[in-house]
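These notes concern the structure reproduced below.
Computed from the coordinates by the stated procedures, all read-outs in this text should not be read as laboratory data. Just so it is clear, the structure is predicted and the values come from calculations on it, not from any experiment. Here the Cβ is made from the backbone with ideal geometry for all residues, glycine too, and neighbour counts use every protein chain on show.
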Amino acid sequence: MTTRTNEIWLADLRSSGAAHEAAIHDLREIIQKGLPYALTRWLPSNNPLFQPLVEEVTQETLLRVLDQIDSFEGRSLFTTWVHKIAIRIALTELRRKRWRDSSLDELSENEDAPPPPGLLADSHASPETSAERADMLARVRRILEEELTPKQREALILLGLQDMPMDAAAKRMKTNRNALYKLLHDARLRLKRRLAMEGLTPQDLLSAFENK
Amino acid sequence: MNIKYFFQRIKNIFNPQKELQDEVVVKFLRVLENVRSEEMSCSEMYAHLDEFVEREVKSKDAKKIMPLIQEHIDMCPECGDEYEALLDVLKHTEE
């Protein structure tokens, strides 16, 4: 494989003919060498979906790189920028697939499911501790109910309870990932300030729930 | 207090919503501790992710030089996943 500087990568990919073909060939190899390291946390390499996913992501990455090549600003190695694009495509696809595979019926059932064990129903906790936790939780819940807007509540439920991917939640809420992140950030800041006004810290509250 | 939020609070008192589950409350509390008033959007983080990870692999000072990116990664699990994945790729393919 030819070693290229950023400038040579850009020149070869923008050219036509043999230099372009060779650059595409080498880039394909680089993507396919890197992707398995990015995917192993998500999908075992012996999974039958692994190789087709690598192929699909490689193809899509090459198209996107050629399409967005003018936006490369040279702040990193060109190949690092390409790996970043491949990872975004691969993880978006995996999240979309995981989300699509969960049935919506199951999710709406989960919304009404009882709370997970261990938060309030800790069998090892003394009655006083359980009562203290219940009081803390009720207090936090009251603050949340007073402070959160309906949209912030919706986002918390989709992301916090249903584990919906950010992109899917943004789509459901007819917004985009940046705006959704901002919505959550504003909610977190408001809650943090309100807790501080009430003399509470997130750590105090978590300790009340988690310490046995 | 922002007037919009004041009215929102009044509205919430008179229109109680379905109770949030414990799991949602606890997950929310877990990230609250690290919230700062400065913020970076997912797009801004993504634009700098390659530079950030390269710096982290080469000189381990990325978190110090680019603290806002680190804060975003800590707060946003999906951007955090992309950071971890790119870090894994660079660590294993660096020549």
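Per-residue mean of foreign Cβ neighbours for A:143-151 is 5 (Cβ atoms of other chains, 10 Å radius).
One chain, two ends: A:Lys171 and A:Ser71. Fully extended at 0.36 nm per residue, the span grows by 33.5 nm beyond their Cα-Cα distance.
The 3J(HN,Hα) values that the Karplus relation (6.51, -1.76, 1.60; θ = phi - 60°) gives for the range A:200-206 are, in residue order, 10, 10, x, 5, 4, 5, 5 Hz. Gly and Pro appear as x. Taking the number of Cβ atoms within 10 Å of each Cβ as an exposure proxy, the fewest-first ranking of A:Leu184, A:Leu189 is A:Leu189, A:Leu184. Electrostatic bookkeeping for A:Thr175 treats Lys and Arg as +1 and Asp and Glu as -1; over the other residues with beta carbon under 11 Å from its beta carbon, the sum is +4. Rounded to the nearest 0.05, the FRET efficiency derived from the C-beta distance between A:Arg194 and A:Ser16 at R0 = 41 Å is 0.10. Local charge for B:Met66 was computed over the other residues whose Cβ lies under 10 Å away, with Lys and Arg +1 and Asp and Glu -1, and equals -1. Simple spin-label estimate for A:Thr40 and B:Glu23 gives 3.0 nm between the two label positions (7 Å along the Cα-to-Cβ direction from each Cα). Each of A:Ser71, A:Ser76, B:Ser43, A:Ser130 was scored by other Cβ atoms within 10 Å of its Cβ. Listed from fewest to most, they are A:Ser71, B:Ser43, A:Ser130, A:Ser76.
Sorted fewest first by neighbouring Cβ atoms within 10 angstrom, A:Asp67, B:Asp88 come out as A:Asp67, B:Asp88. With a threshold of 22 Å on the Cα-Cα distance, the over-threshold entries among A:Lys84/A:Lys151; A:Lys33/B:Lys58; A:Lys182/B:Lys27; A:Lys171/B:Lys63; A:Lys151/A:Lys182 are A:Lys84/A:Lys151; A:Lys171/B:Lys63. Over the C-alpha atoms of the range A:6-101, the Rg to Rh ratio, Rh being the Kirkwood estimate, stands at 1.00.
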